[in-house]
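Here is the structure we will look at, set down as structure tokens.
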Amino acid sequence: MIRSMTGYGRFQQTIDGMDITVEVKSVNHRYYEYSSRVPRAYGFLDEYLKPHIQKTISRGKVDVYVWIEAIDAPLGAVNLNYTLAEGYLQALNELSKKYGLKNDISVASLARFPDVLTVRRMAEDEEAVWVIVRQVADGALERFVSMRELEGEALRKDIIQRAAAILESVKIVEERSPITVKEHMDRVEARMLQLLNEAPIDEQRILTEAALYADKTDVAEETVRLRSHLKQLETMLSGDEPVGRKLDFLVQEINREANTIGSKSQDVTLARVVVDIKSEIEKIREQIQNIE
């Protein structure tokens, strides 16, 4: 199933005295780019999360957030850095004396300075913690993928609809192209009659001119390739593999054929049809930029 690169999923669960929340979100990106934010005490989780997330997401800029609150587990020992606290206290006293400020230092204010008080957590089994966090991460990923697939289906329907519109325009090109040759022949014959003042016309010359014009404006090869590319587009959109990059290349080829048809078309009606085709191609290109 086609997936959008835009998605969001959040899941929260309390397991073994740990309240865990995992949030996964992504936006468009040419490749896979991963970033995360996990609690400092659980920094080791990042080396587990990154490969685990990548099994599910192949493309997009992905941000993962993890919150962990130990409800029942002991926090461990509180350590006091006396040397650092003394340094802060001395610096504050000097500021008070130098600038004549009120010395209102309290234990609470001193304790709020960085690293004066630190908490040393009890040693934890990293593998055991990861097993618990993975359950919550999988819940977030399930919701994330569901949203991606929902948006992906909407993208698929829109692209299929626009591809069908292009096929209708291609049909007009195929029907109109031979008519332009006859119209050109009629114009040439009328011009020759005007110039020769109703003198005998060289039919062979008209046929030669018509053959040259037909060869110059023939778009049969381009329309055949265009139909083939559109069929391939529909096939890709029906698959289960990530096809965003392949679709991007395919749309370039579709646009190339449309440009060639446009350069060969010397007819106002066909020129307008080609403009419609290119407009739909551009809209498809924009949609494909959001497909994984």
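Within region 210-292, which helices (runs of 4 or more DSSP H) (wholly inside it) include 3 or more residues that are free of Cβ contacts under 8 Å to residues at least 24 places away in the same chain, surrounded by fewer than 19 Cβ atoms within 10 Å (Cβ to Cβ) and at positive phi?
Values: elements: 220-237, 244-264, 268-288.
Filter on region 210-292 gives an empty set.
Just to be sure before I move on: is A140 within 37 Å of the chain's Cα centre (by Cα), modelled with pLDDT under 85 and under 22 Å from L49 (Cα atoms) in the structure I sent? Criteria not met by A140.
Identify the residue in region 60-78 that is at pLDDT below 90 and surrounded by 12 or more Cβ atoms within 10 Å (Cβ to Cβ) and, among all such residues, is nearest to M147 (Cα to Cα). I'd like the intermediate steps shown before the answer.
Taking region 60-78 and keeping what is at pLDDT below 90, we get 69-78.
Among the residues that remain, those that are also surrounded by 12 or more Cβ atoms within 10 Å (Cβ to Cβ) are: 69-70, 73, 76.
Values: E69: 27, A70: 30, A73: 35, G76: 40 Å.
Ranking the qualifying residues of region 60-78, first place goes to E69.
Just one of (1) farther than 30 Å from K50 by Cα; (2) of a type outside the set (D, E, K, R); (3) in contact (Cβ under 8 Å) with a residue 24 or more places away in the chain fails for Q161. It is (3).
Looking for something touching a helix residue (DSSP H, G or I) at 6+ places or on another chain (Cβ under 7 Å) and either under 17 Å from E175 (Cα atoms) or of a type in the set (K, R) (or both) - is there at least one such residue anywhere in region 234-247? Looking through region 234-247, at least one residue is touching a helix residue (DSSP H, G or I) at 6+ places or on another chain (Cβ under 7 Å) and either under 17 Å from E175 (Cα atoms) or of a type in the set (K, R) (or both).
From the list I159, I172, the lone residue that is of a type outside the set (K, R), assigned to a helix (DSSP H, G or I) and over 22 Å from the mean Cα position of the chain (by Cα) is I172. Of the strands (runs of 3 or more DSSP E) contained entirely in region 1-74, not one carries at least 3 residues that are in contact with a Leu (Cβ under 9 Å, 6 or more places away or on another chain) and aromatic (F, W, Y).
The values are calculated or read from the model by the stated rules, or taken from the named source; none is laboratory data. All figures in this text were calculated on a predicted structure; none of them were measured in a lab. All Cβ positions, glycine included, derive from the backbone under ideal geometry; neighbour counts span all protein chains shown.
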